[in-house]
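The values are calculated or read from the model by the stated rules, or taken from the named source; none is laboratory data. Predicted model only: the values in this text are computed from it and were never measured. Please note: Cβ atoms are built from the backbone with ideal geometry, for glycine as well, and neighbour counts cover all protein chains shown. Remember, those area values only see protein heavy atoms, side chains included, never the ligands or the DNA or RNA. Shrake-Rupley method; radii C 1.70, N 1.55, O 1.52, S 1.80 Å.
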Amino acid sequence: MEQKERILKMYEMMYRIRKYEERVNSLFLQGILPGTIHQSLGQEACAVGMLFDLEPSDYVVSTHRPAGHALAKGVPLRSMMAEMFGKSTGCCRGKGGSMHVGDISVGMLPAIAIVGGGLPIAVGLGLSCKMKGTRQVVVSFFGDGASNEGAFHEALNGAAIWNLPVIFACENNHYAASTRVDKVMKLKHVAERASAYGMPGQIVDGMDVLQVNEAARIAIERARSGGGPTLLELKTYRFCGHSRTDSCRYRDKMEEEYWLSRDPIQTLRIHILREKIADEESLRTIENRVTGDIEESVQYALSSPDPEPAEALQHVFYGE
Ligand SMILES: Cc1ncc(C[n+]2csc(CCOP(=O)(O)OP(=O)(O)O)c2C)c(N)n1
């Protein structure tokens, strides 16, 4: 695929993630959706840049904020939307909800909402890929908060000593719920921790999808060719509260404005127009297609059946 086509595909996927989350938010505010939601508005370049060059057979392990990762890895939009409504057509048959979306048939592990909990699982997957010699790669997403959990340190150490094909992608959005990263971490950058485990660590602008993609491609190549793990720290920001009940009072308005001015989708849109990769009309066509797909997925979800009570006992254990 030539670079112009790649850039337009990245734009479309980032736009899809943004519009999906905005729509889910509005459905939630109307009181139609159960539970709470943890959204990744502002972090779209991390998901798309990291996963754009993965193979369908590669694995992604995600967190309580998984929608962008799931869409970028190829979980069908309809089955994600149906999952939000707890429908039997949902990607987890309505048993997972917003924090556990995933579909193993496209390499997206149903997400793990325990902070730091996904990291050792990614290492286990990486170990299995290495032992089987499949050349598959595993991307493990987690936040700055998770990097202070014991599981992070065990996972990086294990992946390093066993030289596993795992990419640790830290989405540093500067807050763990309401706790600012510099209150709970002495080092300035999570990436600095890589050297303690003997792996490369790199700081990446998480608002620039092309920079994220460049770093990801190097790490993927390294992992696939037996070079071992990499830690990437993607500096980013969430444009919303931690969850639906969070009004972000702990954040400085100037800081919020700075990051909003670096919106990864707007930045890429301006780049596309300036470099004449596409014109305004072609971008509108992409945007309208995405909006149409999202509305279609809402209709699909609403008209899908609720699970039967007996289904509660199905698919509880592996292989059933
Ligand atoms: C082990 C554990 N502790 C606490 C929580 C509650 N919790 C959910 S998300 C979150 C903040 C996580 O912050 P970070 O890892 O930086 O990810 P972000 O939310 O910024 O994406 C907390 C404390 C949890 N789910 N699991």
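Return a yes/no flag: does the stretch 248-259 have any residue that is within 16 Å of the ligand (Cβ to nearest atom), modelled with pLDDT under 95, over 30 Å from S128 (Cβ atoms) and out of contact with any Ser or Thr (no Cβ under 7 Å at 6 or more places or on another chain). Yes: the stretch 248-259 contains one or more residues that are within 16 Å of the ligand (Cβ to nearest atom), modelled with pLDDT under 95, over 30 Å from S128 (Cβ atoms) and out of contact with any Ser or Thr (no Cβ under 7 Å at 6 or more places or on another chain). Candidates in the stretch 115-127 are the residues that are open to solvent by 40 Å² or more (accessible area, probe 1.4 Å) and in contact with a Ser or Thr (Cβ under 9 Å, 6 or more places away or on another chain); of these, the one that is nearest to the ligand (Cβ to nearest atom) is V115. The listed residues are R251, R269, and the only one of them that is basic (K, R), farther than 30 Å from Q3 by Cβ, open to solvent by less than 80 Å² (accessible area, probe 1.4 Å) and touching a residue at least 40 places away in the same chain (Cβ under 8 Å) turns out to be R251. On the basis of being open to solvent by less than 30 Å² (accessible area, probe 1.4 Å) and farther than 30 Å from E154 by Cα, does P264 make the cut? Yes. Looking only at residues in the stretch 29-63 that are open to solvent by 40 Å² or more (accessible area, probe 1.4 Å) and closer than 24 Å to A176 by Cβ, the one that is farthest from the ligand (Cβ to nearest atom) is G35.
The residues of the stretch 1-39 that are touching a helix residue (DSSP H, G or I) at 6+ places or on another chain (Cβ under 8 Å), within 27 Å of I277 (Cα to Cα) and in a loop (DSSP other than H, G, I, E, B) amount to a single one, M1. A single entry from I167, I218 fulfils the requirement of being β-branched (V, I, T), more than 15 Å from the ligand (Cβ to nearest atom), modelled with pLDDT of 95 or more and open to solvent by 50 Å² or more (accessible area, probe 1.4 Å): I218.
Scanning the stretch 184-200 for residues that are under 21 Å from Q43 (Cβ atoms), more than 10 Å from the ligand (Cβ to nearest atom) and surrounded by fewer than 20 Cβ atoms within 10 Å (Cβ to Cβ) returns M185, K188, H189.
The set of residues in the stretch 221-241 being in contact with a Ser or Thr (Cβ under 7 Å, 6 or more places away or on another chain) and either open to solvent by 50 Å² or more (accessible area, probe 1.4 Å) or at pLDDT below 95 (or both) consists of R222, G241. Just to be sure before I move on: is V137 within 16 Å of the ligand (Cβ to nearest atom), under 20 Å from L51 (Cβ atoms) and touching a residue at least 12 places away in the same chain (Cβ under 8 Å) in the structure I sent? Criteria not met by V137.
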